[in-house]
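Quick notes on the structure that follows.
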Amino acid sequence: MSRKPEDRTLDPSRLIPTVAVSRRSMLQAIGVSGTAAVLGGGLASAAVAATAPQPHVQTEPGAQSLRLKINGTAMTLQVDPRTTLLDALRERVQLTGTKKGCDHGQCGACTVHVNGRRVNSCLSFALMHEGDEVTTIEGLGAPGRLHPVQAAFVEHDAYQCGYCTSGQIMSAVALAKEPCGASDADVKEAMSGNICRCGAYSNILAAIQQTRKA
Ligand code: FES
Ligand code: FES
């Protein structure tokens with residue numbers, strides 16, 4: 001039986017407290033939540049899946065209402081008109097699996113799906129997406145039921161630090177629905193908007209080609 005999406009309007013009681021973060025705790029958080037969100041396993045995505053994303057209350061003057069469906073859940077946010085889709089996802093909905101690298105369209109770390117197509121979420125304002133369906137890495141798979149592309153990345157060890165990996169996976173998933181040729185060169189060209197500073201390209205390519213040939 002299909003479930004009617006829940007409309008999550010802002011609730012002041014859900015304000016998130018500000019906490020002091022040490023370098024050690026921050027690194028621990030990156031190490032755990034970054035990899036977990038990317039691969040659909042571990043604490044971050046598990047927590048997201050368990051509690052569903054909670055919009056962060058926006059109290060700034062001039063904030064405007066925005067309705068989105070994020071990972072299948074309808075929600076209403078109040079956002080400053082200057083807020084990018086990337087910042088709305090990370091800072092208002094706490095979906096931090098989507099990464100901010102360059103913040104100006106050059107690295108692909110922020111790749112998400114909007115209405116089924118991949119976009120650099122740092123390049124568009126959140127308010128441009130009224131009524132859109134957004135999928136982030138947290139909506140792709142979960143512990144025990146990884147998306148085939150996530151599973152292939154694990155199998156081929158297609159990451160090192162993992163910072164680019166959620167963007168790589170979101171692009172690779174979208175690529176399956178795009179008119180891309182079968183050769184390695186075709187895939188490299190189609191994935192050229194996703195930069196990996198660790199240079200895990202050969203393993204990334206192997207993972208993608210495995211899922212395309214499956
Ligand atoms: S953070 Fe968006 S392309 Fe680099
Ligand atoms: S795995 Fe480190 S940037 Fe790609």
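Every number in this text was worked out from the coordinates using simple rules, so none of it is lab data. Quantities reported herein were computed from a predicted structural model and do not represent experimental measurements. We place every Cβ from the backbone using ideal geometry, glycine too, and count neighbours over all the protein chains shown.
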Those residues of segment 142-181 whose amide nitrogen sits under 15 Å from the label point placed on S202, 7 Å along Cα→Cβ: 156-160
Cα shape, segment 121-171, gyration tensor, a/c 1.5 rule: oblate
Rg/Rh for segment 148-213, where both radii come from Cα atoms and Rh is the Kirkwood radius: 0.91
Taking only Cα atoms of segment 75-184, radius of gyration then Dmax in Å: 14.1, 45
